[in-house]
Amino acid sequence: MPTGTKNPPRRAVSRPSKVARDGGSLAAARQREEAPRGRTPDQEGERTMAQKTGVVVENGVRLFSEALLPGTSLLIDGDVKSGLAHAGIGLLAAAVFGPLGWVAVAADSYSRSVTGKSLTEQFSSGRAEGAR
């Protein structure tokens, strides 16, 4: 190339609009804009379903662990003090009241693990809200 000559300017390449890329579908363009982080609504639904499935499996493991020993769902959550207390009370209740005592303590432990409330709080808060 001879010195002193400049490269020719580049032409700007025009991009088709979102509507044109979808074949004129304005609804498809709006759907894509509403989907967070470039995901389509279908992908968002799959992610939400996967989260729900994870919660169901987690609660299933907690419930199964309660059948083995009351308080284990609290231990899984990291609440060692309450978990060990429920385990001790569950064994004592099983010795005194039989399987019914075991089930009652396990149900209370599972309730605390999943909702953060004991069984008595669950039932008493339901009556108080209904009476208002």
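Quick note: the coordinates plus some simple rules give every number you see, no bench work behind them. Just so we're clear, the structure is a prediction, and the values are computed from it rather than from any experiment. Here the Cβ positions follow ideal geometry from the backbone for every residue, glycine too, while neighbour counts run over all protein chains shown.
What the table below lists for this structure:
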{"quantity": "Two-site label geometry, Phe123 and Phe97: point separation in nm, points 7 Å out along Cα→Cβ", "calculated": "1.0"}
{"quantity": "Potential extension, Lys52-Leu68 segment - 0.36 nm per residue separation minus Cα distance", "calculated": "3.3 nm"}
{"quantity": "Length added when fully stretched, Val114-Lys81, from 0.36 nm per residue minus Cα-Cα", "calculated": "10.2 nm"}
{"quantity": "Residue order, fewest to most beta carbons within 10 Å, for Asp79, Asp108", "calculated": "Asp79, Asp108"}
